[in-house]
Amino acid sequence: MPRKSLEVTVEPRVLIWARESVGLSIPEVAKRLKASEDTIRKWESGQKRPTLMYLEKLARTIYKRPFAVFLLPKPPEELPFPNDFRSLPLDKRKPFSSKTRLAIRRARRLQSLTAELARSLNRESTLKIGRATLSDDPEVVANSVREQLGVDLQTQFGWTDENKAFNEWGKAIEKVGILVFQIGMPLEETRGFSLTEGEFPAIVINLHDSTNGRIFSLFHEYGHLLLNNSGICDMENPAYLSEEVKSIEKFCNHFAGAVLVPRNALLNHELTRLKGRLSEWPDEILKELAKTFKVSQEVILRRLLILERATEGFYKRKHEEWGMKAKEAKKEQRQKFLFSLELGYRLLLKDGATSNALREVFVNNDLSLTSEAKITKKDDKHWKIKDGNKIYKIEDTDTQLNIYEQKGGGRQNPPKKCIWENGAPFISLVLETFREEKITYRDVADYLAIRLKHLPKVEQLIRGKV
């Protein structure tokens, strides 16, 4: 007789909490777990007990929680989400996706680990930032912050490009005791968020944003830390926000622009001084100023508007124009798929090895998949096929399935990703704690979320960062 699978007694409230905390519905969990919706419901109502195999998969790959959590008598208490400063009307805001929720959870764990490791080394927080209120002048606050960060205009203008600027601004912020993490999240949900709680405040930037967008987000979120007000931001039109939140976002945007493009530096720049009080600014001037300050053209124009060198009407027109161009570029990129399929082919998109039928579809479109190709479901609208160094993405547009090739062969660089996500100060702290024999190799791999074989390269890269 086949051995009966071991069942585990789990408090139903813990299962419900674990699912809801990652933003998944019962149907979504059932699909990922390859179980029926009825089974999930019975687990959550206490009518059935999950098997050890199912519970381990739930913990490890879906809910991403330690297995021990599921043995608790009740859900553990967790900090509430940061304030939701997204600009959509409340009735149109979708709940945060599992990716954003996991990013918040990851950032908070890094905060907590930083405090724990620092205590083990008898270190105290080196936080050196002040506080601000909404009644403060953002221009004055920005000048004070720039002075504290120690970045003068000559240094800023000497940076080779936006990537160099982002890295150097990030280092300067880390030196005053703020943690900076870059984690991929859906860009339509957030460009970044800040966490004020604890000894080590953190700024979390969306890795999927443009470089200029990430630079601005650094200081927008810095503004939230100065106000001691955590928030998840998209930095779009604040028309639907409450008056209080509008004031907060206005301050943070003004502050960020003033740090990156100081008033006197902009007004005394030869291009600005020669043109005087133009109501409309030629694109070539905006581009040159943006290149000089290592920011977007919109940041430059917004500063000119605030400093009464441009009109509200001109700013709105350019804002709409740039927005339309960005949408068109995104649309054009989305249209560059290899081929498309009818929605009925969704039946072939199942996790695991690709079927003969799916491989035949690729052959019919002058492409090929080997028998080793694997397919992975990312969410209800997206799948990924990995075939050696080739990666294909499949997108459900509700009218058809579009198949794209991921450029660059889909090769990842785990050491660089480790540094982006964790930040040099945290990685250095982990490595120092390990050298002091206070944590194990296994702890290092866990804390940095990286395989140990990549650790020598991480250490090599870190030496060039600190």
Does Ser112 meet the test of being outside any helix (DSSP H, G or I), closer than 29 Å to Thr440 by Cα and hydroxyl-bearing (Ser, Thr, Tyr)?
no
Quick one: in the range 84-114, which of the residues that are modelled with pLDDT under 90 and either hydrophobic (A, V, I, L, M, F, W, C) or assigned by TED's automatic domain parsing to the domain that holds Ile178 (or both) is farthest from the chain's Cα centre (by Cα)?
Leu90
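Report yes if Lys350 is over 30 Å from Leu461 (Cα atoms), surrounded by 13 or more Cβ atoms within 10 Å (Cβ to Cβ) and not assigned by TED's automatic domain parsing to the domain that holds Asp446, otherwise no.
When the stated conditions are applied, Lys350 passes them.
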Would you mind stating whether Arg302 is part of a loop (DSSP other than H, G, I, E, B), in the same structural domain as His254 (by TED's automatic domain parsing) and either over 18 Å from Tyr392 (Cα atoms) or in contact with a Ser or Thr (Cβ under 9 Å, 6 or more places away or on another chain) (or both)?
no
Return yes when Thr126 is in a loop (DSSP other than H, G, I, E, B), in contact with a Leu (Cβ under 8 Å, 6 or more places away or on another chain), in contact (Cβ under 8 Å) with a residue 12 or more places away in the chain and within 24 Å of Leu227 (Cβ to Cβ) and no when it is not.
no
Within the range 362-379, considering residues that are touching a Leu at 6+ places or on another chain (Cβ under 9 Å) and modelled with pLDDT of 85 or more, the one surrounded by the fewest Cβ atoms within 10 Å (Cβ to Cβ):
Lys377
When you go through (1) farther than 25 Å from Leu79 by Cβ; (2) assigned to a loop (DSSP other than H, G, I, E, B) one by one for Ala172, which number turns out not to apply?
(2)
Could you list, in sequence order, the residues of the range 305-337 that are assigned to a helix (DSSP H, G or I), loosely packed, with under 12 Cβ neighbours inside 10 Å and modelled with pLDDT of 85 or more?
Glu312, Gly313, Lys316, Glu320, Glu321, Met324, Lys325
Could you please find all residues in the range 413-462 being β-branched (Val, Ile, Thr) and either in contact with a Cys (Cβ under 6 Å, 6 or more places away or on another chain) or not in a helix (DSSP H, G or I) (or both)?
Ile439, Thr440, Ile450, Val458
The one condition in (1) more than 14 Å from the chain's Cα centre (by Cα); (2) within 30 Å of Ser21 (Cβ to Cβ); (3) modelled with pLDDT of 95 or more that Leu127 fails to fulfil
(3)
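If only one of Leu121, Leu110, Leu102, Leu127 is over 24 Å from Ser296 (Cβ atoms) and surrounded by 19 or more Cβ atoms within 10 Å (Cβ to Cβ), which one is it?
Matching residue, one of Leu121, Leu110, Leu102, Leu127: Leu110.
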Residue check, Leu225 against (1) crowded, with 18+ Cβ neighbours inside 10 Å; (2) under 28 Å from Ile129 (Cα atoms); (3) in contact with a helix residue (DSSP H, G or I) (Cβ under 8 Å, 6 or more places away or on another chain); (4) of a type outside the set (Lys, Arg), all met but one. Which one?
(3)
Scope the range 148-177; condition exposed (fewer than 12 other Cβ atoms within 10 Å of the Cβ) and farther than 18 Å from Asn268 by Cβ; matching residues:
Gly150, Thr160, Asp161
The range 197-212, subset surrounded by fewer than 22 Cβ atoms within 10 Å (Cβ to Cβ) and either more than 20 Å from Trp169 (Cβ to Cβ) or small (Gly, Ala, Ser) (or both), residue modelled with the lowest pLDDT
Gly198
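The values are calculated or read from the model by the stated rules, or taken from the named source; none is laboratory data. Computed from a predicted model, the values in this text were never measured in an experiment. Ideal geometry is used to build each Cβ from the backbone, glycine not excepted, and the neighbour counts take in all protein chains shown.
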